[in-house]
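Right, one structure below, let's go through it.
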Amino acid sequence: MSDEVIKFLLKFKQVAASGGIDLVPRPDTIATLNYLGYTKKDLEEILMGLSVTDYCRGPLPDKGRPGELWEFGKNFDGYEVYIKLKVIEVGCSNIAKCISFHISTHPLKYPYKGSLQE
């Protein structure tokens, strides 16, 4: 399974490197970025630095939308942040999307934390 996570992260990062990251401007995402003092550029650097050990769940179906959702988590300034990503195909190209980036409402589970070499 970790191979699937690696494949997703590589694809997400390749798409993001060539076309940037489309941030879905949800209120909780904007509030978290403001609270932590992060810019969109900071967010992009964080997402480009995600690894298998940050993985929580996925792939999951995106209700009524094409593509699969992948969930990650990371600690920032003592806050556990929930991150939901996907890569969507639009015509001949792909778009890297950050669906959610907000302080987690419950503890996240990291199946590969401590079990893999980074």
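In the stretch 44-70, the residues that are without any contact (Cβ under 8 Å) to a residue 60 or more places away in the chain and under 18 Å from His106 (Cα atoms) form Cβ pairs under 7 Å with partners that are among the β-branched types (Val, Ile, Thr) and outside any strand (DSSP E or B), at six or more places apart or across chains, as follows: Tyr55/Val5.
If you go through the stretch 1-45 and keep only what is among the hydroxyl-bearing types (Ser, Thr, Tyr) and over 14 Å from the mean Cα position of the chain (by Cα), you end up with Ser2, Ser18, Thr32, Tyr35, Tyr38, Thr39. Checking each residue in the stretch 4-20 for being small (Gly, Ala, Ser) and part of a helix (DSSP H, G or I) picks out Ala16, Ala17, Ser18, Gly19. Looking at Glu118, Glu80, Glu89, which is the one that is at pLDDT 95 or above and either within 26 Å of Ser18 (Cβ to Cβ) or in a strand (DSSP E or B) (or both)? Step by step, each of Glu118, Glu80, Glu89 is checked, and only Glu80 is at pLDDT 95 or above and either within 26 Å of Ser18 (Cβ to Cβ) or in a strand (DSSP E or B) (or both). Flag: Pro66 matches the condition of being touching a strand residue (DSSP E or B) at 6+ places or on another chain (Cβ under 9 Å), at pLDDT below 95, at negative phi and outside any helix (DSSP H, G or I).
The values are calculated or read from the model by the stated rules, or taken from the named source; none is laboratory data. Just so we're clear, the structure is a prediction, and the values are computed from it rather than from any experiment. Because the Cβ atoms are built from the backbone with ideal geometry, glycine has one as well, and the counts that use them run over all protein chains shown.
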